[in-house]
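Single-structure report; data block below.
Rule-based calculations on the coordinates, nothing more; no lab input. Please read all numbers here as calculations on a predicted model, not as lab measurements. Don't worry about glycine lacking a Cβ; one is built from the backbone with ideal geometry, like all the others, and counts go over all protein chains shown.
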């Protein structure tokens, strides 16, 4: 019984953010659609289907602009100052923050897919991504850092690899990532 309650709570934790977001967007859509339809009908005596969707898009864009400029920056500064004062939390937050920035941030790191010769005695190669080319900190001038994602998982390993064992791959990074994570089952996008 305790396990079932635990699973129930886990399910709520996974679904709650999505459900709450969907509910808020639906409620906002209903409110804006009704309000905008009433205004248009009152002043112009016409009914425009889909006006609520357009109004919701404009509203979300305005909220995004306001949130990004006036709300998010100050809150982000306060949040970062609090995180910096808690050592373990700072370590975990920084690691995950850097990982997410590597995928979607301005400083994308997984944009250089490569094939790496893993075994010099055979033709065994592994797909990965160069994440850092300057390894002077490690006193390694002829090596680069290559990240190898695991298949069917969101984890991977970082290897320091000699440059001579690396071949650039002329394929979109997102396609290479899908190919690796799916264990080669997704195939390549047809050009």
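For region 2-85, what class follows from the C-alpha gyration tensor (a ≥ b ≥ c being the square roots of its eigenvalues): rounded when a/c is under 1.5, otherwise prolate if a/b is larger than b/c, else oblate? Because a/c hits 1.5 or more and a/b fails to exceed b/c, region 2-85 counts as oblate.
Helix 87-104 and the long axis of the chain differ in direction by around 90°, with both axes built from C-alpha atoms. Taking 0.36 nm per residue of separation and subtracting the current Cα-Cα distance, fully stretching the chain between residue 157 and residue 5 would add 51.2 nm. Let me test this: with uniform point scatterers at the alpha carbons of region 113-181, what is the Debye-based log₁₀ I(q)/I(0) at q = 0.17, 0.23, 0.29 1/Å? Results for region 113-181 at q = 0.17, 0.23, 0.29 Å⁻¹ read -0.61, -1.03, -1.33. For the chain, the longest principal axis of the alpha carbon atoms and the long axis of helix 2-44 meet at an angle near 50°.
The distance separating the Cα centre of region 136-167 from that of region 1-75 comes to 42 Å. Distance between the 7 Å Cα→Cβ label points at residue 65 and residue 175: 3.7 nm. Alpha-carbon geometry of the chain: the Rg and the Dmax are 24.4, 80 Å, given in that order. Helical runs (DSSP H, four residues minimum) scored at -39500 (n - 2.57) apiece and divided by the length of the chain put the mean residue ellipticity at 222 nm at -18000 deg cm²/dmol. In this label model, residue 18 and residue 119 are separated by 4.1 nm, measuring between points 7 Å along each Cα→Cβ vector.
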